[in-house]
Amino acid sequence: NLEPGKADKNRLTALYYDHKSFGYGTNFRVGRQSPTGGGVLHRFDGLQAGYSFVPKWRINAVAGVPMDRLLSTKRKLYGAWIDAEALTSEISGSLYFNQQKIDGYLDRRAVGTELRYFSGGVSVNSQLDYDQLFKGLNIASVQGTWQFPDNSVINFLYDRRATSML
């Protein structure tokens, strides 16, 4: 807020410790984080960890507290997902499950997928998020770029989201 005489609000977007062990195939991140996948939709304070169990395959877990305030409620989230970095030479993706609770009551139970395609001058990212609790689609999104040899580019986006999120 840049208006004179009005309070400014600062939001800490990210402040975390990140550790990766290439020898053991593990990683973890603890602290304030922005969503990086796995169906997590908002900033949170918590822990995210992963383990590469075979080349190009990783299992991940997350647990924490969403940081966007919602009255005086107590909220928490947790989830798991599996990443496949090379389903084919062009396609990678993940499959996730996550859940959120507010004051001990179930608020969100989602399953979804994130798929990515890269080949030559074409890149496509997509996400499908389904809420099992409310039996509805939260997100159906496809975004892509097609770059031609003459450096001209076509961008496209289809993004359907429930408002507000289920």
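Considering (1) at pLDDT 95 or above; (2) under 16 Å from the mean Cα position of the chain (by Cα); (3) surrounded by 14 or more Cβ atoms within 10 Å (Cβ to Cβ), the lone condition that ASP159 does not fulfil carries the number (3). Out of TYR117, TYR130, which single residue is within 18 Å of GLN100 (Cβ to Cβ) and either touching a residue at least 12 places away in the same chain (Cβ under 8 Å) or basic (Lys, Arg) (or both)? Just a single option satisfies the conditions, and that option is TYR130.
Scanning region 11-48 for residues that are charged (D, E, K, R) and farther than 21 Å from SER94 by Cβ returns ARG11, ARG32, ASP45.
If you go through region 58-95 and pick out every residue that is farther than 19 Å from VAL124 by Cα and either modelled with pLDDT of 90 or more or surrounded by 16 or more Cβ atoms within 10 Å (Cβ to Cβ) (or both), you end up with 19.
Checking the structure you have, find out if any residue of region 12-33 is within 23 Å of SER141 (Cα to Cα), out of contact with any Ser or Thr (no Cβ under 7 Å at 6 or more places or on another chain) and of a type outside the set (A, V, I, L, M, F, W, C).
First pass over region 12-33, keeping only residues within 23 Å of SER141 (Cα to Cα): 33.
Retained after the next criterion (residues that are out of contact with any Ser or Thr (no Cβ under 7 Å at 6 or more places or on another chain)): 33.
Within this subset, residues satisfying the condition of being of a type outside the set (A, V, I, L, M, F, W, C) are 33.
Yes, region 12-33 has at least one match.
One residue stands out in region 99-112 among those that are closer than 22 Å to ILE82 by Cα and open to solvent by less than 40 Å² (accessible area, probe 1.4 Å): the one that is modelled with the lowest pLDDT, namely ARG108. Within region 144-154, is there a residue that is hydrophobic (A, V, I, L, M, F, W, C), surrounded by 15 or more Cβ atoms within 10 Å (Cβ to Cβ) and farther than 21 Å from TRP57 by Cβ? Among the residues of region 144-154, not one is hydrophobic (A, V, I, L, M, F, W, C), surrounded by 15 or more Cβ atoms within 10 Å (Cβ to Cβ) and farther than 21 Å from TRP57 by Cβ, which makes the answer no. Taking the criterion of being among the polar types (S, T, N, Q) and in contact (Cβ under 8 Å) with a residue 12 or more places away in the chain, the residues of region 47-73 that qualify are GLN48, SER52, ASN60, THR73. The number of residues in region 102-145 that are within 21 Å of PRO35 (Cα to Cα) and of a type outside the set (S, T, N, Q) comes to 22.
Looking across region 28-73, the residues that are under 16 Å from GLU114 (Cβ atoms) and of a type in the set (D, E, K, R) come down to LYS56, ARG58.
The values are calculated or read from the model by the stated rules, or taken from the named source; none is laboratory data. The structure displayed is predicted, hence computed values, not measured ones. Every residue, glycine as well, gets a Cβ built from its backbone with ideal geometry; the counts of neighbours run over all protein chains shown. Quick note on the areas: whole protein, heavy atoms, side chains included, nothing else; ligands and nucleic acids left out. Shrake-Rupley method; radii C 1.70, N 1.55, O 1.52, S 1.80 Å.
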